[in-house]
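Report on the structure given below.
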Amino acid sequence: MNTRATTAELVAAARAHHQHDRVRLVEDPYALRLCGRPLRLLVTIRPAAWIASRWLLRDLQPSILGVLIRARYSEQALEAAIRDGITQYVIIGAGLDSFALRRSDLMEHLDVFEIDLPAMQAVKRERLARAGLAVPPRLHFVAADLAQVPVMEALAASAFDPGRRAFFSLLGLTYYLTPEVIEAAARSIAEGVVAGSEVVLDHMLDDASAWPEHRGKRMALEAYVAKRGEPMVSEFSLAGMSALMAEAGFDTVESITMMDLSARYAGQLGPLPFEVPGIFACGHFRKSGMSPEAEG
Ligand SMILES: C[S@@+](CC[C@H](N)C(=O)[O-])C[C@H]1O[C@@H](n2cnc3c(N)ncnc32)[C@H](O)[C@@H]1O
């Protein structure tokens, strides 16, 4: 298995492990079944999971905890977009996310397009089949390497309708892409979708914006993922990411650190079961202009 499948796998394991927590940011009854056997065992044997999260995967912990924050942030924005009439959801770098299974409540009026590397999608299909889980009829797999193919070119080969508003998420992905590839992806989306379409992403905070006491965690995380062949190659301030998206044609709905998001969620749900790293942020953007529905 390649290293990319492994990061997607760790994310699924983090979601599965989180199901044991009393306060949950994401409900994901499928995550465990989508993990490979070693991680499935690790998550199921609670003392082993505890040791892994505290010690073996210590350097990866900030990013694993960010998984839960970014998923809640994105899905709350998506729910609002659906209430507002959006009917297409594009998950860029979907990995082993079980959205289309666990949010069957939203799937009746939603087409979901998962873009990921062909090898990753092959692993996912095999895991779904092994778990006896059918691919939901409105879930579309779009295999593409976004470092080679623009987002909208990849989607052109699918049932995606560029004439209808869409919601895009890029979660757990931007830090592995160069700023040039992120800019190209943002431009490709902006040029290919109608006004009112939305993007939610998470990104690494640059050195000046990261919480000073968490800089050590950041360095350890960067060293850990670089050693596994997935170096983190981009970071932005909140304003820097807003400027990149504005250049492509998106207005900022919100740009917020994960520390501030954790305070928001703790206010809604009670104290969170983990410490949130001050090295990541989330952004929510909307393509400028009047949406086709508003134009009538
Ligand atoms: C850490 S996982 C994130 C999974 C999911 N979005 C989440 O937050 O739970 C990153 C995903 O991005 C995919 N990815 C990385 N580079 C990519 C590229 N150049 N083109 C398409 N997908 C890519 C990986 O295969 C992996 O599934």
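Amide hydrogen proximity for Val90: with H placed 1.01 Å from N in the peptide plane, the residues at 5 or more positions away or on another chain lying under 5 Å are Phe113, Phe167, Phe168, Ser169. The GluC sites (Glu not before Pro) of the stretch 83-131 meeting both criteria, a DSSP state outside H, G, I, E and B (loop) and at most 10 other C-beta atoms within 10 angstrom of the site's C-beta, are Glu108.
P(r) for the chain, from all Cα pairs and a bin width of 10 Å, is 6, 29, 38, 22, 4, 0 %, short bins first.
Measuring with a 1.4 Å probe in the full set of protein chains, what accessible area per residue, in whole Å², belongs to the stretch 3-295?
On a per-residue basis, the stretch 3-295 sits at 43 Å².
Based on Cα contacts under 8 Å between residues 6+ apart, the stretch 115-231 shows a relative contact order of 24 percent.
Applying both filters, DSSP loop and at most 13 other Cβ atoms within 10 Å, to the GluC sites (Glu not before Pro) of the stretch 238-296 gives Glu275.
Over the chain, with every protein chain in place, what whole percent of the accessible area is carbon and sulfur at 1.4 Å, could you tell me?
Details: 7140 of 12810 Å².
For the chain, the apolar C and S fraction of the accessible surface comes to 56 percent.
Using the alpha carbons alone, the radius of gyration of the stretch 94-238 stands to its Kirkwood radius in an Rg to Rh ratio of 0.99.
Can you give the translational diffusion coefficient of the stretch 80-166 in µm²/s, computed by Stokes-Einstein from the Kirkwood radius over Cα pairs at 10 °C and 1.306 mPa s? Before the final figure, lay out each step's value.
Working: Rh = 13.5 Å.
Rounded, D is 118 µm²/s.
So what is log10(I(q)/I(0)) for the stretch 138-219 at q = 0.12 1/Å, when the Debye sum runs over its Cα atoms only? Each listed q corresponds, in turn, to -0.44.
Reported value for the stretch 169-296: 116 Å³ per residue, from the convex hull of its C-alpha atoms.
The values are calculated or read from the model by the stated rules, or taken from the named source; none is laboratory data. Small disclaimer: the values here were computed from a predicted structure and weren't measured. All Cβ positions, even for glycine, are placed from backbone atoms using ideal geometry, and neighbour counts span all protein chains on display. Note: areas computed on protein heavy atoms with side chains; ligands, DNA, RNA excluded. Shrake-Rupley method; radii C 1.70, N 1.55, O 1.52, S 1.80 Å.
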